[in-house]
Amino acid sequence: MASDTTAAAGGTSPGNGRPDPSARTALRRRRARGIAGTALSLALTLLGLLLVTFIIGRVMPIDPVLKVVGDRATQAQYDAAYQAMGLDKPLAIQFLNYIGDVVTGDFGRSISTGQLVWDDIRRVFPATFELATLGTLIGVLAGVPLGVIAAARRGGIVDQVARVVALVGYSMPIFWLGLMGLLIFYGILGWVGGPGRQGIIYDGMVPSVTGMILVDSALARDWAAFRDAFSHIILPASLLGYYSLAYISRMTRSFMLEQLSAEYVTTARVKGLSERAVIWGHAFRNISIPLVTVIALSFGSLLEGSVLTEIIFSWPGLGQYITRSLLSGDMNAVLGGTVVVGVCFVVLNLFSDILYRVLDPRAK
């Protein structure tokens, strides 16, 4: 009986310790089903995203043909453009063509810039990625310790401060904080750079390799340009980092309170372990896995939720690009940017799920 249990659990044949072929086959099938299920879920999610954006493009009260041919076009010119854009075909055919175009990276041409939408997105996305990454780092480095200490000292001063920080972070309008930050730290104190990614003197001086100014200036060893870029990005990144901090600290505190009330924590304390070892060595290690998902979702929200921040700070990123395109009725650019943001969310969720399985063998 013991041998049979060992063989089933460990995949070895009874008595000889060799791998059981049937157990290995079952393991391969489970893994294949898991990969197939993940792939199917990913495909359905992306299909749903494309369906939503396709419907938005059809129900918006904007005539895409007029945006191309202009208001003074003749009826013949209008009809020719209407057919060339495939709008005369059934909606099902239009949707299939839309899927094919998106899969190949063809989002059409932007009316505002005259460039391909994909080229525009590749140009503006690194600015948003750089801003969101730095904001997430600030939120993680400050929010995780704050949440852990608040849970460990529940009801204390740090816990009260953490609650106030989270409450203000969820309540304060981001545009107001941005304007106040510019007024105080740039206008009055002069501690940071103004709107934009760089000062005029450094604009275009650093060769673009990744599209991220901090990385490119570091690669070029142009430390003056690096300091200038950092002075411009630190205020909007801190603003986004504060909102990320509010979410991450609240979730960290909640996770830690649940773990600190568990029986294994009481057992560890009875055994004489120090409070530091109990909190960071046991409780925090157990919350690190769900915390990965929280951080990934926070990063995704900063990628798509930095629109107001980019407008206030004149940050030439994806959020500002989508907003300006929407105001000018450039639906190709709006839908292309929306699809990219949605794909980023899907990829981040997939990455967090994979990392979850790597960190926690039980999830396999």
Quiz item: Projected onto the charge dipole of the stretch 19-103 (+1 at Lys/Arg Cβ, -1 at Asp/Glu Cβ, origin at the Cα centre), which of Ala43, Ser22, Leu66 gives the Cα projection farthest towards the positive end?
Solution: Ser22
Quiz prompt | Fewest-first sequence of Val158, Val148, Val334 by Cβ atoms within 10 Å of each Cβ | solution = Val158, Val148, Val334
Self-check item: Tyr243, Tyr356 arranged by Cβ crowding within 10 Å, fewest neighbours leading
Solution: Tyr356, Tyr243
Quiz prompt | Cβ-placed point charges (K, R +1; D, E -1), dipole of the chain about Cα centre in debye, nearest 20 | solution = 1480 debye
Quiz prompt | Where Rh is the Kirkwood radius over Cα pairs, Rg/Rh for the stretch 192-264 | solution = 1.29
Quiz item: Taking the Cα centre of the stretch 19-103 as origin and charging only Cβ (+1 Lys, Arg; -1 Asp, Glu), how large is the dipole, in debye to the nearest 20?
Solution: 800 debye
Self-check item: Positive-end residue of Ala246, Leu183, Leu308, charge dipole of the chain with Cβ unit charges
Solution: Ala246
Quiz prompt | Theoretical gain in end-to-end length, Ala218 to Leu189 [0.36 nm per residue, Cα-Cα removed] | solution = 7.7 nm
Quiz item: Along the three principal axes, how long is the stretch 215-364 when you take its alpha carbons, biggest first, rounded to the nearest angstrom?
Solution: 65, 37, 26
Self-check item: Residue-averaged 222 nm ellipticity for the chain, from DSSP H runs of 4+ at -39500 (n - 2.57), nearest 500
Solution: -23500 deg cm²/dmol
Quiz item: Which order do Ile354, Ile121, Ile138 fall in if you start with the one that has the fewest other Cβ atoms within 10 Å?
Solution: Ile354, Ile138, Ile121
Exercise. Give the long-range amide H neighbours of Arg109: residues separated by 5 or more places, or on another chain, with amide H under 5 Å away, using H modelled in the peptide plane at 1.01 Å from N.
Key: Val117
Quiz item: Over the chain, what is the relative contact order in whole percent, taking alpha-carbon pairs under 8 Å and six or more residues apart?
Solution: 22 percent
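No lab work stands behind these numbers, since they all come straight from the coordinates. Here the structure is a predicted model, which means the values were calculated and not measured. Positions of Cβ are backbone-derived with ideal geometry, glycine not excepted, and every protein chain shown enters the neighbour counts.
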